[in-house]
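Worksheet for the structure shown next.
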Amino acid sequence: MIAAFHQCDVFTDRLFGGNPLAVVPNADGIDSATMQAFAREMNCSESTFVLPARDPRAAFRVRIFTPGRELPFAGHPTIGTAWTVHRLGLLDASEFAFEMEIGLVPVRRDGRRFWMRPPTPALGAPLGERSSLAAGLGIASAEIVGAARMVGPFLCVRIATIDASEKIELDRSALRAHLESGIADGNVLAIFYESGRASVRMFAALADGIGEDPATGSAVAPMLHFLAASGALAPECAEVTVEQGRWIGRTSTLHARLSWGGTEIVQIEVGGDCVHAFSGEIALASTEPTGGR
């Protein structure tokens, strides 16, 4: 079959910024193995495949693949897919939901910008050992603020200065020496935060085959819950701007809106802009063995 695809840059208003995303808008009939092969070929952080919804509450079903595996949910694919299907005239609703492997993900359009409501992440226990984390990040122990912790699938570490963030050179073997392999080989989020602005670096799990990610929408909610739990994020803070990607030449801007119930975050919206990069066609033959789903 001949499949059309469209690539956009997400969380930016400029071409060649943000995080690239490949979107296949009419993916019905493409099997899972071929989707995975396409994602490896495109070599973006993620590629998405738009399918008819199985849940009547959803506008579309969306499947997300990194070059290494399928994900149940991710942020920049949600925003970029919403922007693309609107650009193509496949959807004109201002409020809708995507059916993903994690469940329904609400999305809304506000002018040119799209916003999503990510699921609430689980907050793990603090990890108090700074020296091992510092060794894994290649920075001094004094440059780590407070205790790190797992929030959802992200190891969140607060960094004291922008200069320290720039110096980070992730050493997975050093992390494995002190942390269980599931954490050491997973997503590592280094955060510098000050007065409603965050500068982050996200090193994706080894299984994803990405390396450092230019913009990670799914990391915003874990980051904000982490900062709130540590007392760095004040309850009256209603908006946070996140910068990511500048150290790998793809500066990205992510926006967050927060609703609070006392000292607890009750809802987060993550939003961003997109730019169309190019469109194309690809001849796809099934790569799935006989009997595959």
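Bear in mind that the values in this text are calculations on the coordinates, not laboratory data. Remember, it's a predicted structure, so these values are computed and weren't measured experimentally. No Cβ is skipped: glycine too gets one built from the backbone with ideal geometry, and neighbour counts run over all protein chains shown.
Only helices enter this figure: runs of n ≥ 4 DSSP H residues, each worth -39500 (n - 2.57), summed and divided by the residues of the chain, yield -5500 deg cm²/dmol at 222 nm to the nearest 500. Charges were assigned to the Cβ only: +1 to each Lys and Arg, -1 to each Asp and Glu. The resulting dipole of region 147-236 about its Cα centre is roughly 180 debye.
Per-residue 3J(HN,Hα) values for region 140-146, derived from phi via the Karplus relation 6.51 cos²θ - 1.76 cosθ + 1.60 with θ = phi - 60°, read 6, 4, 5, 7, 9, 9, x Hz in sequence order (x marks Gly and Pro).
Comparing Cα centroids, region 53-111 and region 189-261 end up 21 angstrom apart. For region 6-115, the C-alpha radius of gyration sits at 0.98 times the compact-globule guess of 2.2 N^0.38 Å, with N the residue count. At each listed q (0.08, 0.10, 0.16 Å⁻¹), what is the log10 of I(q)/I(0) that the Debye formula gives for the chain modelled as equal alpha-carbon point scatterers? The Debye formula, applied to the Cα set alone, gives -0.33, -0.52, -1.28. The alpha carbons of region 123-272 stretch over 40, 32, 28 Å along the principal axes, in descending order.
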